[in-house]
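Note sheet for the following structure.
The values are calculated or read from the model by the stated rules, or taken from the named source; none is laboratory data. Being a predicted model, the structure only gives us computed values, none of them experimental. Cβ sites come from the backbone with ideal geometry, for glycine too, and all protein chains shown count toward neighbours.
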Amino acid sequence: MVRLNRYLSLAGVASRRKADLLIQCGRVELNGKRVQKPGTLVHEKNDEVRLDGVRVNLKEDFLYLILNKPAGFLTTMDNGFKRPVILDLIRGIKTRIFPVGRLDYDTQGVLLLTNDGDLAYRLTHPRFQIARVYKVKVRGKGLENKIKTLKKGIRLEDGKLATGEGKILEKHNGQAIIKLELKEGRKREIKRIFKALGCKVEQLERVSFGGIRARGLKSGEWRHLSPAEVFNLRKMTGLEGGSLTG
């Protein structure tokens, strides 16, 4: 047995968070009856699940990609926008995939994509503390002392505490290149952190996510993850066995 929201994510319909919304909106049926509780249990082989009237089956094969996202692209697989989207960069993939988390329009670097909703959910959930490493170009004063305070925690404008590890790689003329490691991935977190420190982010690049790097990929290029990379991601999120009942 598996929870309904997890069933939808394993089927590649959406991330588990979005699956929750689909269920709560009344768009999902289980054995002909509308259900609105994401935790409803589903028997993988015997039960019938439908989304908007279309039957949803579990996928046997998952895709795992890394894109070296350029700045100037929206992190969405929807092509109904007037600005460039990452869908424009992913060619030759017929299976529906979605991004693991997001990168801002003007942020570049490592972006993972998959149709494995359960892995995507765990990679982005704060409970699993998956490391994201960034290279940040900032302008500001007293950066050495300000970066040290990040380890203890910096209070953001919404009252939440942001923590991480930072190291200054270069510094000149009021600018600095900082290596920054975070393990939560809140919306626009890095820009909000430096704003709270009285600094301005001028350029932002994610150089790794869960240890996956974009080495060898030019800006805008993508590749499939290797079996070893997928194994490591699943291992760090507790999915080594691939069990549906975990």
Number of the condition not met by residue 50 [criteria: (1) part of a loop (DSSP other than H, G, I, E, B); (2) closer than 15 Å to residue 7 by Cβ]: (1)
In this structure, does residue 148 turn out to be among the charged types (D, E, K, R), in contact with a strand residue (DSSP E or B) (Cβ under 9 Å, 6 or more places away or on another chain) and either modelled with pLDDT of 95 or more or surrounded by fewer than 13 Cβ atoms within 10 Å (Cβ to Cβ) (or both)? yes
Look at residue 8 and say whether it is part of a strand (DSSP E or B), within 30 Å of residue 221 (Cα to Cα) and either in contact (Cβ under 8 Å) with a residue 40 or more places away in the chain or of a type in the set (Phe, Trp, Tyr) (or both). no
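Which residues, taken from the stretch 69-78, are within 21 Å of residue 117 (Cα to Cα) and not hydrophobic (A, V, I, L, M, F, W, C)? Please lay out each step first, then the result.
Step one: list which residues in the stretch 69-78 are within 21 Å of residue 117 (Cα to Cα), which gives 69, 74-78.
69, 75, 76, 78 - these are the residues of the stretch 69-78 that are within 21 Å of residue 117 (Cα to Cα) and not hydrophobic (A, V, I, L, M, F, W, C).
Mind listing whichever residues of the stretch 14-38 are among the β-branched types (Val, Ile, Thr) and not in a strand (DSSP E or B)?
23, 35
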In the stretch 56-88, anything at pLDDT below 85 and not aliphatic (A, V, I, L, M) is listed as 57, 59, 60, 61, 78, 79, 80, 81, 82
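Determine, yes or no, whether residue 42 is aliphatic (A, V, I, L, M), without any contact (Cβ under 8 Å) to a residue 60 or more places away in the chain and in contact with a helix residue (DSSP H, G or I) (Cβ under 6 Å, 6 or more places away or on another chain).
On the way: aliphatic (A, V, I, L, M): yes; without any contact (Cβ under 8 Å) to a residue 60 or more places away in the chain: yes; in contact with a helix residue (DSSP H, G or I) (Cβ under 6 Å, 6 or more places away or on another chain): yes.
For residue 42, the condition - aliphatic (A, V, I, L, M), without any contact (Cβ under 8 Å) to a residue 60 or more places away in the chain and in contact with a helix residue (DSSP H, G or I) (Cβ under 6 Å, 6 or more places away or on another chain) - is met.
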Being at negative phi and assigned to a loop (DSSP other than H, G, I, E, B), is that true of even one residue in the stretch 148-155? no
For the stretch 94-119, pairs from a residue that is outside the structural domain of residue 224 (by TED's automatic domain parsing) and under 19 Å from residue 217 (Cβ atoms) to a residue that is aromatic (Phe, Trp, Tyr) and part of a strand (DSSP E or B), with Cβ under 6 Å and 6 or more apart or across chains, are none
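Do we have any residue at all in the stretch 10-21 that's outside the structural domain of residue 101 (by TED's automatic domain parsing) and more than 20 Å from residue 114 (Cβ to Cβ)?
Of the stretch 10-21, the ones outside the structural domain of residue 101 (by TED's automatic domain parsing) are 10-21.
If we keep only those that are more than 20 Å from residue 114 (Cβ to Cβ) too, we end up with none.
No.
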Only one of (1) over 24 Å from the mean Cα position of the chain (by Cα); (2) surrounded by 18 or more Cβ atoms within 10 Å (Cβ to Cβ) is not met by residue 100, so which one is it? (1)
